[in-house]
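*Asks:* Quick one: this structure, given as structure tokens, is what I'll be asking you about.
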Amino acid sequence: MRLLIAASLFALAAIQPGAAADLSAYKRPLTVPFEGVTAYSPQLATLGKMLFFDPRLSGNKNMTCASCHNPSFGFETPVKTPIGAANTALGRQAPTVLNVAWVSPFFWDGRAPNLEQQAAGPITAAAEMNGKLDDAVSEMHDIPDYKKWFGEVFPDKGISKETLLTAIATYERTVVSNWSPFDRWVDGDEKAVSDSAKRGFELFTGTAGCSACHSGWNFTDNKFHDIGLPSDDIGRYKIDPSSPGNKYAFKTPGLRNTLYRGPYMHDGSLKSMDEVITHYESGGVSRPSLDPAMSPFLLTEEESKDLVAFLGTLTAEKQDIPLPTLPN
């Protein structure tokens with residue numbers, strides 16, 4: 001089943017550095033893909049949203065999924081890395097939940113193949129939410145409204161670890177970035193973005209080479225790359241040591257609403273988009289696993305401003321996420 005939300009589906013081909021800028025490759029899809037997963041229903045997504053914001057899933061009843069995936073900050077956190085249940089900073093920044101229906105696999109290192117498994121990870125990790133799914137299921141049984149709603153949405157299963165995670169994953173698939181100036185430009189409104197932003201798009205798909213990895217409407221190839229950040233974290237290699245190229249490799253993040261989502265990178269080490277551009281200009285740390293697309297380049301001050309102006313057009317002017325009322 002597909003949830004109607006925006007423009008028609010396109011094959012989202014990557015644009016290689018130096019190629020002519022092709023706006024059609026960045027056109028938004030019309031529907032959220034629900035093929036191969038639990039079918040969408042408003043009731044199921046609403047139930048999942050309540051669970052996403054419910055602190056009763058955490059061990060100390062003081063954290064929610066939104067603690068690390070805050071809607072106000074592009075479903076990330078505004079600090080270097082989130083603070084977990086042990087009141088200590090986590091090792092990695094929280095990846096955004098925006099547009100995860102088009103993302104696979106999950107986590108910076110890709111260790112979860114689907115959203116259902118991804119949801120279970122932070123809830124049960126001692127350093128993150130420190131919750132126990134069996135305890136959460138038991139508590140949901142004692143809350144009349146939850147028992148009623150699970151019974152209506154899952155009449156043959158009721159409340160279980162599986163249905164709890166299915167509900168959260170379904171809600172997360174409906175978290176889609178709103179229309180941005182860039183989308184209106186793609187749809188033919190030449191006045192939707194500034195001339196500076198248009199020049200920035202040419203740099204993005206040309207000299208700067210950003211589109212080698214940040215491709216398609218969500219601006220990610222869903223692959224793993226070593227972009228040369230100084231780090232002791234070996235990333236994807238810990239999950240898949242089959243290729244030396246997986247060392248220090250992390251998943252390409254999408255760029256939608258990116259101006260809300262600093263600090264940047266898997267470790268939150270770069271505070272601003274200017275720092276991000278400076279890093280890419282440097283070519284990163286030279287090592288055998290460094291992605292071949294990483295090579296030094298130099299932008300003028302004006303070109304850097306143009307590139308940031310373009311990235312700003314990917315941010316929706318308005319993204320209202322009303323909080324749910326939780327049952328007692």
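*Asks:* Would you pick out the residues in segment 54-79 that are among the β-branched types (Val, Ile, Thr) and buried (at least 16 other Cβ atoms within 10 Å of the Cβ)? Spell out the reasoning first.
*Replies:* Going residue by residue through segment 54-79, those that are among the β-branched types (Val, Ile, Thr) are 64, 77, 79.
Across segment 54-79, the qualifying residues are Thr64, Thr77.
*Asks:* If only one of Val97, Val32 is under 16 Å from the mean Cα position of the chain (by Cα), under 21 Å from Ala316 (Cα atoms) and in a strand (DSSP E or B), which one is it? Before the answer, list the steps.
*Replies:* Numbers: Val97 fails: in a strand (DSSP E or B).
Unique residue meeting the criteria: Val32.
*Asks:* Separate question: For segment 108-128, how many residues are surrounded by fewer than 19 Cβ atoms within 10 Å (Cβ to Cβ) and in a loop (DSSP other than H, G, I, E, B)?
*Replies:* Selection size over segment 108-128: 6.
*Asks:* With the condition being touching a residue at least 60 places away in the same chain (Cβ under 8 Å), I'd like the helices (runs of 4 or more DSSP H) fully within segment 215-328 carrying at least 3 qualifying residues.
*Replies:* Working: elements: 236-239, 273-282, 301-312.
Once the helices (runs of 4 or more DSSP H) in segment 215-328 are filtered for at least 3 residues that are touching a residue at least 60 places away in the same chain (Cβ under 8 Å), what remains is 236-239, 301-312.
*Asks:* Of all residues in segment 310-328, count the ones that are aliphatic (A, V, I, L, M) and open to solvent by less than 30 Å² (accessible area, probe 1.4 Å).
*Replies:* Result for segment 310-328: 3.
*Asks:* Can I ask one more? Scanning for something modelled with pLDDT of 95 or more and part of a loop (DSSP other than H, G, I, E, B), does segment 161-172 turn up at least one residue?
*Replies:* Checked segment 161-172: no residue is modelled with pLDDT of 95 or more and part of a loop (DSSP other than H, G, I, E, B).
*Asks:* Among the residues of segment 121-129, are any free of Cβ contacts under 8 Å to residues at least 40 places away in the same chain and over 18 Å from Thr64 (Cβ atoms)? Let's see the steps before the verdict.
*Replies:* Start the filter on segment 121-129 by keeping residues that are free of Cβ contacts under 8 Å to residues at least 40 places away in the same chain, which leaves 121, 124.
Now restrict to residues that are over 18 Å from Thr64 (Cβ atoms): none.
Taking every residue of segment 121-129 in turn, none turns out to be free of Cβ contacts under 8 Å to residues at least 40 places away in the same chain and over 18 Å from Thr64 (Cβ atoms).
The values are calculated or read from the model by the stated rules, or taken from the named source; none is laboratory data. Since we're looking at a predicted model, the values are computed, not measured. Backbone-built Cβ (ideal geometry, glycine too); neighbour counts: all protein chains shown. The area values use the complete protein model at the heavy-atom level, side chains included, leaving out ligands, DNA and RNA. Shrake-Rupley method; radii C 1.70, N 1.55, O 1.52, S 1.80 Å.
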